[in-house]
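Note sheet for the following structure.
The values are calculated or read from the model by the stated rules, or taken from the named source; none is laboratory data. Just so you know, these numbers come straight off a predicted model, no measurement behind them. Virtual Cβ from ideal backbone geometry, glycine too; neighbours counted across all protein chains shown.
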């Protein structure tokens with residue numbers, strides 16, 4: 001690899017033999033180095049291969065004045081999410097999470113502890129991502145001796161939700177409220193109280209998560225089987241009406257109209273909540 005630019009003493013950008021630009025991390029790897037020199041292989045600790053040119057430039061700018069250990073912590077958290085939890089993440093997570101962790105550490109050092117108004121909902125609807133946030137807090141405390149509040153675990157969780165769904169973080173912060181609104185509609189219209197400890201609840205919430213994901217990715221199902229929809233409507237009228245109300249809420253909240261296929265899918269999940 002050939003050095004393209006020295007970002008700081010510990011971070012450089014370089015070109016591989018293929019011509020692809022990469023960001024290379026290693027303690028002292030950029031010290032007294034110049035453009036055009038060969039990257040010292042024995043000093044490389046991490047190579048970031050980011051496909052998007054825009055993200056690459058943003059990442060380089062972000063890393064220019066950031067302490068190396070904070071970058072390493074962020075990378076370790078992301079690696080844990082991908083390798084151990086098998087999460088499929090948009091590469092934007094390298095920019096957004098690294099920036100957030102750096103900002104969170106700066107805030108707490110100034111005595112600022114922000115409140116996360118969505119913390120309860122995040123714990124409830126995104127337990128895996130929240131535990132990832134807890135893992136991040138424990139890693140930061142272990143490596144830096146800095147204790148971040150639990151609210152930050154919630155903020156970190158949302159960055160992973162955003163990276164999973166491929167959406168803007170401004171959309172991700174809406175997800176917990178939207179999921180709660182859908183649960184409220186189902187419980188109210190069907191006169192039931194969902195058992196959060198049951199397998200059926202987990203299946204229902206998984207369906208809602210993927211529904212919201214498809215909405216923001218604009219990957220909604222098309223209407224295909226009108227006869228099946230009419231049959232489900234006749235056989236389970238309450239559940240069908242409930243699904244229609246969910247569709248109306250989604251239209252109001254996101255501007256996306258659900259097809260009959262999506263409504264029928266919601267209905268089937270609602271039927272399972274009562275019959276099983």
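Points worth noting:
- Condition check for residue 113 on (1) modelled with pLDDT of 95 or more; (2) over 20 Å from the mean Cα position of the chain (by Cα): one failure, at (1).
- Pairs where the first residue, in the stretch 87-110, is assigned by TED's automatic domain parsing to the domain that holds residue 76 and the second is surrounded by 18 or more Cβ atoms within 10 Å (Cβ to Cβ) and not in a helix (DSSP H, G or I), C-beta under 8 Å, 6+ apart: 91/50; 94/48; 94/50; 98/66; 102/66; 104/148; 105/148; 108/148
- Residue check for residue 69: assigned to a helix (DSSP H, G or I), loosely packed, with under 15 Cβ neighbours inside 10 Å and touching a residue at least 12 places away in the same chain (Cβ under 8 Å): yes
- Some residue of the stretch 146-153 being modelled with pLDDT of 95 or more, touching a helix residue (DSSP H, G or I) at 6+ places or on another chain (Cβ under 9 Å) and closer than 22 Å to residue 11 by Cα: no
- Members of the stretch 32-54 found to be part of a loop (DSSP other than H, G, I, E, B) and either surrounded by 13 or more Cβ atoms within 10 Å (Cβ to Cβ) or in contact (Cβ under 8 Å) with a residue 40 or more places away in the chain (or both), listed by number: 33, 37, 39, 40, 44, 45, 50, 51, 52
- Just one of the numbered conditions (1) surrounded by fewer than 22 Cβ atoms within 10 Å (Cβ to Cβ); (2) within 13 Å of the chain's Cα centre (by Cα); (3) closer than 24 Å to residue 24 by Cα; (4) in contact (Cβ under 8 Å) with a residue 24 or more places away in the chain is not true of residue 166: (3).
- Identification of helices (runs of 4 or more DSSP H) wholly contained in the stretch 158-276 with 2 or more residues that are at pLDDT 85 or above yields 175-190, 237-254.
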